[in-house]
Amino acid sequence: MDVRLLNTMTQIPFVFLFWLASFHNSNVIVSEHDLVPGARLQGERPAIVVAATGTLGQVFYRHGPFVNDSTTTVHVVRVQFAGEGSDQTLGTAGLSPNYKVLIENRFARVYEIRIPAGTNEPQHTHRARVVVCLSGAELRHLMPDGRTETSTLHTGEVVWRTGGTHIGQNLGQTDLWAIAVEPK
């Protein structure tokens, strides 16, 4: 899948809005922003917004602007959808039993991933997705053909992951906590 990295900065009158990093492909347009109190993040496409500040991880669906109505600066990751979506309902199909579906609509299935340090997940299948890491960990993936792949997700990292089937292992000393956004 073609992923292009972009770095931009935008100034909105009276409110500063910084694009920290972003990427897009044929399914999604992903951007990160630090929103000061009262800042408005414009958007015309349907989007999932993950507000990730400190130990807080909240997920919102928006078709229009997102406004920071808190009294502190909030870091958000916005995932806009390039396609028309699908009426297909995925529910928990293919997911590890300990994943929690947070939102499902015609554009995406959004779920929370938590893997405690030193534990394994049963074999499961992911679709291609955006992963917003709220608490990072060292991971190993055991593939059905016997291959192993190691990876590290860092706290605050936002990545595009292709779909696949594996057994997940958290090799690190910290619990993994992430939000996955699978476009339909």
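The values are calculated or read from the model by the stated rules, or taken from the named source; none is laboratory data. Bear in mind the structure is a predicted one, so any value in this text is a computation, not a measurement. All Cβ positions, even for glycine, are placed from backbone atoms using ideal geometry, and neighbour counts span all protein chains on display.
A few points about this structure:
- Subset of the range 78-98 (residues that are surrounded by 14 or more Cβ atoms within 10 Å (Cβ to Cβ) and without any contact (Cβ under 8 Å) to a residue 24 or more places away in the chain): Thr92, Asn98
- Among the residues making up the range 119-158, those that are under 17 Å from the mean Cα position of the chain (by Cα) and polar (S, T, N, Q) are Thr125, Ser135, Ser151, Thr152, Thr155.
- Residue count for the range 63-102, restricted to those that are hydrophobic (A, V, I, L, M, F, W, C), in a strand (DSSP E or B) and within 21 Å of Gln42 (Cβ to Cβ): 7
- Only listed residue being assigned by TED's automatic domain parsing to the domain that holds His63, in contact with a strand residue (DSSP E or B) (Cβ under 7 Å, 6 or more places away or on another chain) and buried (at least 16 other Cβ atoms within 10 Å of the Cβ), chosen from His75, His166: His75
- Thr125 exposed (fewer than 15 other Cβ atoms within 10 Å of the Cβ), hydroxyl-bearing (Ser, Thr, Tyr), touching a strand residue (DSSP E or B) at 6+ places or on another chain (Cβ under 7 Å) and not in a loop (DSSP other than H, G, I, E, B): yes
- For the range 136-143, the condition of being out of contact with any Asp or Glu (no Cβ under 6 Å at 6 or more places or on another chain) and either under 18 Å from Val76 (Cβ atoms) or in a loop (DSSP other than H, G, I, E, B) (or both) holds for at least one residue.
- Here Arg106 clears all of (1) charged (D, E, K, R); (2) surrounded by fewer than 13 Cβ atoms within 10 Å (Cβ to Cβ); (3) under 20 Å from Glu182 (Cβ atoms) except the condition numbered (2).
- Remark: pairs (first residue in the range 33-53, in the same structural domain as Ser70 (by TED's automatic domain parsing); second residue assigned to a loop (DSSP other than H, G, I, E, B) and among the hydroxyl-bearing types (Ser, Thr, Tyr); Cβ separation under 6 Å; 6+ apart in sequence or on different chains) = Asp34/Thr73; Val36/Thr73; Pro37/Thr71.
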